[in-house]
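Any read-out appearing in this document is the output of simple, stated calculations on the displayed coordinates, not a laboratory observation. Bear in mind that the values here come from a model prediction, so they are computed numbers and not experimental data. Please note: Cβ atoms are built from the backbone with ideal geometry, for glycine as well, and neighbour counts cover all protein chains shown.
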Amino acid sequence: MFLCFFSLMASMHTNVQEQSKEIGIMRALGFTRFQIVRIYIEEAFILVITAAIMGLIVGMLVGYVLTSQVGMLKGLPVQFVFPWEFTIIAFGCALVISILASAWPAWRVAKADIVKTMKS
């Protein structure tokens, strides 16, 4: 989870820095700081949910294949069990991480001076 946090934070920081002129234009058009931060939080939320769902599907498939292969090789009845409680906890942690990792870089650029942001 820490790797996910820092990876998402670095990605969002780079994304926000590259779009600083657009953020300056949005601020000049009347967007509030909160609205700009919300845009980037929603972007990170979509990225994290998509990655979590894809990871869940791939993890379930790999787990099922490995479980069935071990059962066939050893001749023992091995049952595939998936812990849904841990999945829900992981999804919750991922959502909190997405909010924390995206809000800070977006807030830094959103609170900057509009003119300086548009010049850079």
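Here are the numbers:
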{"quantity": "The range 95-120, residues that are part of a helix (DSSP H, G or I) and either surrounded by 20 or more Cβ atoms within 10 Å (Cβ to Cβ) or touching a Ser or Thr at 6+ places or on another chain (Cβ under 9 Å) (or both)", "calculated": "Ile97, Ser98, Ala101, Ser102, Pro105, Ala106, Val109, Ala110, Thr117, Met118"}
{"quantity": "Filtered residue count, the range 54-93, keeping only those that are loosely packed, with under 10 Cβ neighbours inside 10 Å, touching a helix residue (DSSP H, G or I) at 6+ places or on another chain (Cβ under 7 Å) and part of a helix (DSSP H, G or I)", "calculated": "0"}
{"quantity": "Residue match in the range 37-46 (condition: surrounded by fewer than 12 Cβ atoms within 10 Å (Cβ to Cβ) and not basic (Lys, Arg))", "calculated": "yes"}
{"quantity": "Residues (assigned to a helix (DSSP H, G or I), of a type outside the set (S, T, N, Q) and surrounded by fewer than 16 Cβ atoms within 10 Å (Cβ to Cβ)) located in the range 1-11", "calculated": "Phe2, Leu3, Phe6, Ala10"}
{"quantity": "Those residues of the range 17-31 which are assigned to a helix (DSSP H, G or I), without any contact (Cβ under 8 Å) to a residue 40 or more places away in the chain and not hydrophobic (A, V, I, L, M, F, W, C), in sequence order", "calculated": "Glu18, Glu22"}
{"quantity": "Subset of the range 51-101 (residues that are more than 12 Å from the chain's Cα centre (by Cα) and aromatic (Phe, Trp, Tyr))", "calculated": "Tyr64, Phe80, Phe82, Trp84, Phe86"}
{"quantity": "Every pair of residues 6+ apart whose Cβ atoms lie under 6 Å, when the first sits in the range 32-60 and is farther than 21 Å from Phe5 by Cα while the second is surrounded by 15 or more Cβ atoms within 10 Å (Cβ to Cβ)", "calculated": "Arg33/Ala110"}
{"quantity": "Number of the exception - Thr14 against (1) outside any helix (DSSP H, G or I); (2) touching a helix residue (DSSP H, G or I) at 6+ places or on another chain (Cβ under 9 Å); (3) loosely packed, with under 12 Cβ neighbours inside 10 Å", "calculated": "(1)"}
